[in-house]
Each structure stands twice: as C-alpha cells, then as structure tokens.
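The values are calculated or read from the model by the stated rules, or taken from the named source; none is laboratory data. Just so you know, these numbers come straight off a predicted model, no measurement behind them. Here Cβ is always computed from backbone atoms with ideal geometry, including for glycine, and neighbour counts include all displayed protein chains. What goes into the accessible areas is simple: the full protein's heavy atoms, side chains included, and nothing from ligands, DNA or RNA. Shrake-Rupley method; radii C 1.70, N 1.55, O 1.52, S 1.80 Å.
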Amino acid sequence: MHHEGPRGDRRARRARLQTLTLVQASHDAQRAARNTTIRLVADVVGKLSMIALFAVMARELGPGGFGDFALALSIALLLTAQVEAGVDSIVTREVAKDAAAIGEVLWEALAVKLVLGPAAVVVAAIIGLVGDFDTALRLTLPLLAASAFFELLASCIYAVFRGLGDLAPEAIARTLQSAIRGVIGITVLVAGGNIVAVALAYLVSSLAALIWVARRLVIAVRPAWIRPSVAATVALAAVSLPIAIGAGLDLAIPSITVVILAALKGNDAVGLFGAATGLVGGTLFVGGALLVSVMPLLARANLPGDHSLGAVYETTSKVLVAVLVPLGAAFTLFAEPIIRLIFGSAFVPASSVLRIVGATVLLYAICDLSIETLIARNRQRVIPWIVGLTTLEHIALTLALVPTYSIDGAAIATLVSALTYAVLTTAASLRLTGRISAQRILLAPALGALAMSFVALASGTLAALAIAGCVYAVVVLALERRFYPEDLAWAASTLRR
C-alpha cells in the first residue's frame, strides 16, 4: 500500500494530461476547420470572380489579347516576387509563438517591403518602355506591378491575423478585392475596354483591400508603433532571405514559362497556356486555405502539451490529398468540356495543357505544406537549394520541349518540375517529422480517382463529371469507414463542431 499511492497519483496525472491533450487537439482542430472554412468561402468567391473575369477577357480579346495580359501579369509578378522577401511566414511564426511581438515584427516587415516595392514598380515601367511592346502592354505592366505591391503590403497584415488564429479579416479583404476587381474588370471589357482598363481594376481593388485590412488591424489589435531600426530590419531580411529566394524562384517558374512561350511561339500560345494554367491556379486556394490555418499549429508543434509535428503533418497531408485528388482528376479526365465551357471553342487547343498539368493541383499543395513545415521549424535555409534546382530543371525542359511541342512541351516541363519539387520538399520535411503512413494518406483517394477514370471512359461530358465526383466521394467514404474509421469519426466531429 505504501507504493500504491504514488503510483496511483502518477496514473491520475497521466490520465489528466491525456484528457487535456485531447481537449486541446479538439480545440485546435475546430479552430483550424473554422479558419479553413472562412478562407475557403472567401477564396471560392475570389476564384469564381477571377475565372469569370478571365473567361470574359478571353472571349472579348481572343487568345492574342488574353496572351498580352498574361505576359504582363507574369512579368509583374516576377518583378515583385522578391518584395515579399519571405517575411510573411516569419511574421506568422513569431506572432503564433508570442502575440506581444506584433508591434515590432510588423513594422520591420513593412519596412522591408517599402524599401523593395517601389523599385520593382519602376523596373516594370522601364521594361515596358524599352521592350518591343504596344502602348497598351507598356501601360499595363507598371499598373499590375503596383497592384501586386499593394497586395504584398496587405499580406503583412494578413500574416499578423494568421498568427493570431483569425482569418476572418483576410477573408473579408480578399473577398472585397475580388468583387471590386471582377465587377470593374468585366464591366469595362464588355464596354469595349482593353487590358489597361483591367489593370486599373486590379490596382483599385488591391488598394481597397489594403486600406480595409489596415483599418481593421488598427481597430482590433492596435499595434504599438515601434520605429524599426535599420539593424533589426536588416536582420529580419537576412533571416527571411532563404524564404525570399525560394518564393522568388517559385514564382519565376510559371513566369519564365510564359516569357519563353512568348519569345518562341507568340502571344497566342501564351493565351492558350495561360487559360489552362489559370484554371489550375484558380484551385490552389483550396490547399492554401487549409495551410494558412495549420501554420500556427506547425509552429507550436512539439511544445510541451501540444501535438507532435509528425501528427500535424500527416493529418494535414491526408486532408489535402483527399480534397485535391478529385480536382486534379477532373482537370485531367474532363479537360476539353471544362475549357470549352469557360473559355469557348477558340481555346479548345488548351485542353491538352490542362490534361497534363491537372496533377499539379495536388503536387503544389504538398510542396506548400512541406515548405511551411520547414519554415515553422526554422529550417528555411534548405528552401533556396530545392527551388533553385527545380527552377533550373524547369528552364532546361522548357527550352528543350517548347520548340517542338509548343504549349504541350511547356505543360510537360511544368508537371515534371512540380513532381521534382514535391519529392524534394517532402523528403526535407520528413527529416523533421519522422515516418508517416503513406497508406493512410493515399489509399482511399487513389482508388477514388481510379473509379472516376472509369466514369470518364464511359462518357467525357460535364454531366459525367458530376457523376464522377459523387463516385469518388462514395468510394473514399467506404474505404475510410472500412480501414480508418477513427479518421472519419474525427473529421465528422470536427466539421459538426
């Protein structure tokens, strides 16, 4: 009896700790689900608005005009990629760890972007002047660069709210931006406007979102004004430099593809390629909505009483795969009816591109999860090496394939580089997380996608696409109930709450 008391106390303490851990896990899952839902709703509105704008632009301006806009947008994003400087992820990570750091880290992050941003806009204007472009394209370039710069300033504030676990302000700002951009852009196009008018719609909408979210930050958080020192700002830029290089190269991949296509095959090819890849890009928000919710969990993982990093990574991977596999399969299996519905018969040649790059929907999401994991654990130094290798591979493949295979060659290069990127980033992340269960992640979605392919073989119409989606859901639910009922119960409980 002398030894039973302490042993019983230890058992009781262990039971209480397990209970508290389960409660915390449930609370974090509910918060992540809530934030993911908020972000998804906002992004659905935004991407539908973008697809509508692109569809009207494609029909009104044709492949050549649409290609001009895609080229200008690619150059603008390429120039402003380094302005992000990787600081947003650092802001989210530091605020998630200590909310008292908001004032200091926010102003330092804004200082980095305010130094680099105007230079990018000036360079865009210079490229427009010296390049062999028409007047509309020359005006569009700096307007889109300025719009991207305003978005990057707003993203600093979004990063603060992400660290606090509140995605509502970002969701509202992005919805406002998408609505303004879509309404103004479509209106001016229908009225006979050109790409300059659309670029102005981009600029106005980005500025409106920045003003709204900045006002929201002042009201909700009231961050203390802390004058950023030069030393602190340089230090933040140095810490985030590997992320900046990785992000810049990451954005450079599609932009370089567009530039090579424009040089070798003309802007009509750019328009076709941009239509297909724009659809894929329009679905990346699905994975992004979950990842911005999970980033604080990754940052806090392995702290006393919190989740293990491996558990967060594996569960997030499973959700991403289950949700994104049917999207990628739909693009691959039903490419032509999707392109015809959205862009019209003039863009049907883009179907082959969509069929090839459909799988990148999932690959890019896995890459993003792995990158966020590395950043959350302060292992960002490996990112530039991975992205640099992938970029070199992509450029080499694009230059080798485009002269012979045109837009299909560019699509193949995109798919291969995305696969390389996913393999390398996942391998780097697994060194931190430890072993995860590939069967738990892949079994049900893979068989669900196989079932979708049988439906597509029977009929490739849009009606069959709806049936294929239902078949996928039935197969996945049946397999999860059979092999992983605890995962299914957790997901149902989280969604209900």
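Within the stretch 73-95, the presence of a residue that is surrounded by fewer than 18 Cβ atoms within 10 Å (Cβ to Cβ), in contact (Cβ under 8 Å) with a residue 60 or more places away in the chain, of a type outside the set (A, V, I, L, M, F, W, C) and assigned to a helix (DSSP H, G or I) is excluded.
Any residue at all in the stretch 350-371 that's assigned to a loop (DSSP other than H, G, I, E, B) and either modelled with pLDDT of 90 or more or open to solvent by less than 40 Å² (accessible area, probe 1.4 Å) (or both)? Within the stretch 350-371, one or more residues are assigned to a loop (DSSP other than H, G, I, E, B) and either modelled with pLDDT of 90 or more or open to solvent by less than 40 Å² (accessible area, probe 1.4 Å) (or both).
Among the conditions (1) loosely packed, with under 15 Cβ neighbours inside 10 Å; (2) assigned to a helix (DSSP H, G or I); (3) not hydroxyl-bearing (Ser, Thr, Tyr), the only one that residue 402 does not satisfy is (1). Taking the criterion of being under 15 Å from residue 327 (Cα atoms) and either open to solvent by 70 Å² or more (accessible area, probe 1.4 Å) or within 27 Å of the chain's Cα centre (by Cα) (or both), the residues of the stretch 447-465 that qualify are 447, 448, 449, 450, 452, 453, 462, 465. With respect to the conditions (1) in contact with a Ser or Thr (Cβ under 7 Å, 6 or more places away or on another chain); (2) at pLDDT 80 or above; (3) more than 30 Å from residue 192 (Cβ to Cβ), residue 87 lacks only one, and its number is (2).
Of the listed requirements (1) crowded, with 23+ Cβ neighbours inside 10 Å; (2) among the acidic types (Asp, Glu); (3) within 25 Å of residue 273 (Cβ to Cβ), residue 134 misses just one: (1). Here residue 148 clears all of (1) at positive phi; (2) touching a Ser or Thr at 6+ places or on another chain (Cβ under 8 Å) except the condition numbered (1).
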